[in-house]
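Quick note: the coordinates plus some simple rules give every number you see, no bench work behind them. The structure presented is a predicted model; accordingly, all values stated were derived computationally and were not measured. So basically every Cβ, Gly included, is an ideal-geometry build from the backbone, and we count neighbours across all protein chains shown.
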């Protein structure tokens, strides 16, 4: 019954397998008035996508179990209603090829976790403003 | 000391101090406990020559460290992850010793909440 309770503008889908990182992002986003739906792996993310309305944004870890970030981005962009949902890749890695590929295949932004939670939050707000 | 070796060692000048945003404070005790547990997990994996587990755990720690502001953890975990990709057990062992020592002695100072949230 999630569909009835959640407002599109407030919800962020967080796909992140590292629990402490997920807790940190959730804490910051909830403090700023957003609601976070958390998927711990690729399969759970796909299941959740069937259960919720398109969120305000997706934060997507590149390396998660079962389906990686590239596969998940493809699924997100192919899903009706999700084509324009802003997607920010949040990764522990900063390989130039990965960054180029994710942006080419439809991600709106790519941020490296080591830049810190403040920067992740700042870039998310920027992305949402641009998408508004 | 070459950079690769340096990345595996805690600072040599007494205690390391990390400044972390106060907004993160409620999560830091669990964060530190989990990192110490992960060192134990990786040590057991290394003993079993299970480099894939070492690589996976180190990758997660690399991301988590920087997110919280523990750049040194990220740096050391990245070195361990890289060594695990190449199955270099000796480097992993040295890295885990350094990481374990660092986690035992690091001090955290919580700065005023400047996150703006």
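Brief remarks follow.
- Values of log10 I(q)/I(0), in the order q = 0.13, 0.19, 0.23 Å⁻¹, for segment B:19-111 under a Debye, Cα-only, solvent-free model: -0.39, -0.79, -1.09
- Quotient of Cα Rg and 2.2 N^0.38 Å for chain A, N being how many residues it contains: 0.95
- Using C-alpha pairs below 8 Å separated by at least 6 residues, the relative contact order for segment A:17-132 is 22 percent.
- With the simple model of a label 7 Å out from the Cα in the direction of the Cβ, residue B:85 to residue A:32 spans 3.1 nm.
- Partner shielding of B:65-75 amounts to 5, given as the average count of beta-carbon atoms from other chains within 10 Å of each residue beta-carbon.
- Modelled spin-label separation between residue A:19 and residue B:50, with each label point placed 7 Å from Cα along the Cα-to-Cβ direction: 1.7 nm.
- In segment B:19-111, Cα pairs under 8 Å separated by at least six residues give a relative contact order of 37 percent.
- FRET E, pair residue A:47, residue A:10, Förster distance 25 Å, beta-carbon r, rounded to 0.05: 0.75
- Spatial separation of Cα centroids for segment B:51-113 and segment A:87-112, in angstrom: 23
- Per-pair calculated FRET efficiency, R0 = 45 Å: residue B:15 and residue A:74 via Cβ, rounded to 0.05: 0.45
- For residue A:101 and residue A:66, a Förster radius of 25 Å and the Cβ-Cβ distance give a FRET efficiency of 0.80, rounded to the nearest 0.05.
- With one equal scatterer per alpha carbon and no solvent term, the Debye-computed log10 I(q)/I(0) for segment A:47-96 at 0.17, 0.20 1/Å reads -0.51, -0.70.
- For the protein assembly as shown, a Kirkwood hydrodynamic radius built from all Cα pairs, placed in the Stokes-Einstein relation at 37 °C and 0.692 mPa s, yields a translational diffusion coefficient of 175 µm²/s.
- Take every Cα pair under 8 Å whose residues are at least 6 apart in sequence, average their separation, divide by the length of segment A:35-85, and the relative contact order is 37 percent.
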